[in-house]
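Undergrad: After the structure tokens below, expect a handful of questions from me.
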Amino acid sequence: MISEKHTLAAAAFLITSTLAAPLSALSLAEQAQAFATCAGRYSAVATRQSATHNPDSDATRALQTSFESLLEATLPHAAEAGIDPRRARSWQASGWSEMAHLMRLQQRSTDTTHADRATRDMHRRLSTCRQLIL
């Protein structure tokens, strides 16, 4: 369990640090990974928002769709550069999983410090994604 937490933390750090770079500085593989990860993140949040009848769900779903479109446009070029397009599915799943984990901590943690940290992490990751397209 501890090893799994460290592995997830390391993966989240790598993805977040990759996303923090300006889009023009990213390789095709990094762009594809960023777009897929962000699509997964927004998909998880939109699903939660829809389930709780949050009025922001349509806007969040639109951001998810934007990242999916960017990913779709990037994948052929990434494939030409030797990137297996099937990896995008796993990058999306990673984005979904990290947000689901943070939302679970935010919602169910009895420790307000952990819940607040999860909220900040979630907002920071979504903000990092938003900066890629705005």
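Undergrad: Does A34 satisfy the condition of being within 20 Å of R124 (Cα to Cα), out of contact with any strand residue (DSSP E or B) (no Cβ under 6 Å at 6 or more places or on another chain) and surrounded by fewer than 14 Cβ atoms within 10 Å (Cβ to Cβ)?
TA: On the way: within 20 Å of R124 (Cα to Cα): yes; out of contact with any strand residue (DSSP E or B) (no Cβ under 6 Å at 6 or more places or on another chain): yes; surrounded by fewer than 14 Cβ atoms within 10 Å (Cβ to Cβ): no.
When the stated conditions are applied, A34 does not pass them.
Undergrad: Now for a separate question. Look at L75 and say whether it is modelled with pLDDT under 95 and crowded, with 20+ Cβ neighbours inside 10 Å. Explain how you work it out, then say what you get.
TA: Working: modelled with pLDDT under 95: yes; crowded, with 20+ Cβ neighbours inside 10 Å: yes.
Yes.
Undergrad: Another question, then. Scan segment 83-101 and tell me whether some residue there is over 19 Å from S43 (Cβ atoms), surrounded by 15 or more Cβ atoms within 10 Å (Cβ to Cβ) and modelled with pLDDT under 95.
TA: First, pick out the residues of segment 83-101 that are over 19 Å from S43 (Cβ atoms): 83-84.
If we keep only those that are surrounded by 15 or more Cβ atoms within 10 Å (Cβ to Cβ) too, we end up with 83.
So of that shortlist, the ones also modelled with pLDDT under 95 come out as 83.
Yes, segment 83-101 has at least one match.
Undergrad: Turning to a different aspect of this structure: Of T47, T110, which residue is in contact with a Phe, Trp or Tyr (Cβ under 9 Å, 6 or more places away or on another chain) and either exposed (fewer than 13 other Cβ atoms within 10 Å of the Cβ) or over 13 Å from A34 (Cα atoms) (or both)?
TA: Details: T110 fails: in contact with a Phe, Trp or Tyr (Cβ under 9 Å, 6 or more places away or on another chain).
Answer to the selection: T47.
Undergrad: Checking the conditions here, which among R125, R104 is in a helix (DSSP H, G or I), over 14 Å from the mean Cα position of the chain (by Cα) and modelled with pLDDT of 95 or more?
TA: Numbers: R125 fails: over 14 Å from the mean Cα position of the chain (by Cα).
Answer to the selection: R104.
The values are calculated or read from the model by the stated rules, or taken from the named source; none is laboratory data. No experiment lies behind these values; they were computed from the predicted model shown. Glycine also receives a Cβ, built like all others from the backbone with ideal geometry; neighbour counts cover every protein chain displayed.
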